[in-house]
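Trainee: Shown below is the structure under consideration.
The values are calculated or read from the model by the stated rules, or taken from the named source; none is laboratory data. All of these numbers come straight from a predicted model, not from anything done at the bench. Glycine gets a Cβ as well: all are built from the backbone with ideal geometry, and neighbour counts include every protein chain shown. The protein model used for the area step is the full one, side chains on, heavy atoms only, and it has no ligands, DNA or RNA in it. Shrake-Rupley method; radii C 1.70, N 1.55, O 1.52, S 1.80 Å.
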Amino acid sequence: MVALAIHGGAGGDGPWKGPTDLDPQRIACMYNVLSTVGSMLDSGIDALEAVTKAVEMMENEPLFNAGIGSVLAANGSVTMDASVMRGKDSAAGSVVNVTNLRNPIKAAKYVLEKGWPVMLNGKSADEFGIKNGVEEVTQEWLKTELRTAQWKKWRKAKSMPGATDEDDEAILDHDSEGMGTVGAVAIDAKGVLAAATSTGGMTGKPDGRIGDTPIIGAGTWADDIVAVSCTGIGEAFIRTCAAHEVSTRIRLGQTLESACKNMLDMVAPFGGRGGVIAIDSEGNIEIPFQTMLMYRGYWKDGEILTGIGPDLSSQ
Ligand code: ASP
């Protein structure tokens, strides 16, 4: 039983308004990730390779908030966080506030493979990634016109961190929402689970801010029973150890579905609306969210489903 689920971030308030002009490009990217990496899983790559590859492909899509196309911090810079975890041996790797890597998730995987330490921060994380062959890119390369325009709007309106929608009317409605963080969870042919998450964080975030994405147990978790990748207001996911909470709840006897839902209910009072993707050791997949939308999809038994609003559909 091999399976893969991905997300491209959650966000928005109120009822689903239908896709934006840019959404077909995001859906096409997710479909490509699911068919490419799903087939690779079928041909025998392991779960760690699968989630790293899936996230790398989404980092390379400028419309998601990770890698190129990351949102801009308050000071106008791009700083990115990423983490990855393998369930069978609790191996984990994470990079925090990197500024010059095309694919932060590859650096996180190199940290995992090296084995010690688990997290690397700032310039040292950039240097470690580049030394290990992750492509070095400039800040200018990472900043897209879309994100620069969103940042200018954010600055003009002195909005809260997180306003990132491309919809002019709606941009500041999402005043506390992050959108476009990417993540993947997978189970491979040997039954090994893995999870990976990567983000530019939230528009207008203060200098030095670290969200949940690079924190093992908050934004990313994998063990022998479940792999989890979260998206949403990172601070609330940190304060509730959200990704790990899903595993705790399953161990206490909850179904995967209840564990995910109850975790999101637990995060919500801390202002942490968002979503989660999770896959368990039997290949069951859950992808719930409490926001207006979550870019998401999964590949299982050769079938691919993707969605943004309430419904999933095949291509
Ligand atoms: N969780 C991410 C962060 O707080 C943002 C997101 O998921 O959109 O940095």
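Trainee: Could you give every pair whose Cβ atoms fall below 6 Å, whose first residue belongs to the stretch 89-100 and is under 12 Å from Leu120 (Cα atoms), and whose second residue is part of a strand (DSSP E or B) and open to solvent by 20 Å² or more (accessible area, probe 1.4 Å), counting only separations of at least 6 or pairs across chains?
Mentor: Ala92/Ile216; Ser94/Met119; Val95/Leu120; Val96/Asn121
Trainee: Something else about it: Counting just the residues of the stretch 209-242 that are at pLDDT 95 or above, in a loop (DSSP other than H, G, I, E, B) and of a type in the set (Val, Ile, Thr), which one comes out surrounded by the most Cβ atoms within 10 Å (Cβ to Cβ)?
Mentor: Thr213
Trainee: Next question. Would you please list the contacts, defined by Cβ atoms under 8 Å and residues six or more apart or on different chains, that run from a residue in the stretch 207-227 that is within 27 Å of Lys190 (Cα to Cα) and within 16 Å of the ligand (Cβ to nearest atom) to a residue that is assigned to a loop (DSSP other than H, G, I, E, B) and acidic (Asp, Glu)?
Mentor: Pairs found: Ala218/Asp212; Gly219/Asp212.
Trainee: Determine whether the stretch 243-255 contains at least one residue that is within 12 Å of the ligand (Cβ to nearest atom) and within 14 Å of Val185 (Cα to Cα).
Mentor: yes
Trainee: Could you identify the single residue in Val95, Val137 that is farther than 26 Å from Ala227 by Cα and open to solvent by less than 60 Å² (accessible area, probe 1.4 Å)?
Mentor: When all the criteria are applied, what remains is Val137.
Trainee: Another question about this same structure. Has the stretch 59-79 got at least one residue that is farther than 20 Å from Thr203 by Cβ and under 14 Å from the mean Cα position of the chain (by Cα)?
Mentor: yes
Trainee: Another question, then. What strands (runs of 3 or more DSSP E) completely inside the stretch 86-191 contain at least 1 residues that are closer than 25 Å to Tyr295 by Cβ, modelled with pLDDT of 95 or more and hydroxyl-bearing (Ser, Thr, Tyr)?
Mentor: Because the criterion is at least 1 residues that are closer than 25 Å to Tyr295 by Cβ, modelled with pLDDT of 95 or more and hydroxyl-bearing (Ser, Thr, Tyr), the strands (runs of 3 or more DSSP E) in the stretch 86-191 that meet it are 91-98.
Trainee: Output the number of residues of the stretch 254-271 satisfying the condition of being without any contact (Cβ under 8 Å) to a residue 24 or more places away in the chain and on the phi > 0 side of the Ramachandran plot.
Mentor: Counting residues in the stretch 254-271 that are without any contact (Cβ under 8 Å) to a residue 24 or more places away in the chain and on the phi > 0 side of the Ramachandran plot gives 0.
Trainee: Pairs please, first residue from the stretch 57-68 and farther than 17 Å from Gln150 by Cα, second anywhere and aromatic (Phe, Trp, Tyr), Cβ atoms under 8 Å, 6+ apart in sequence or on different chains.
Mentor: From the stretch 57-68, the pairs are Met58/Phe64.
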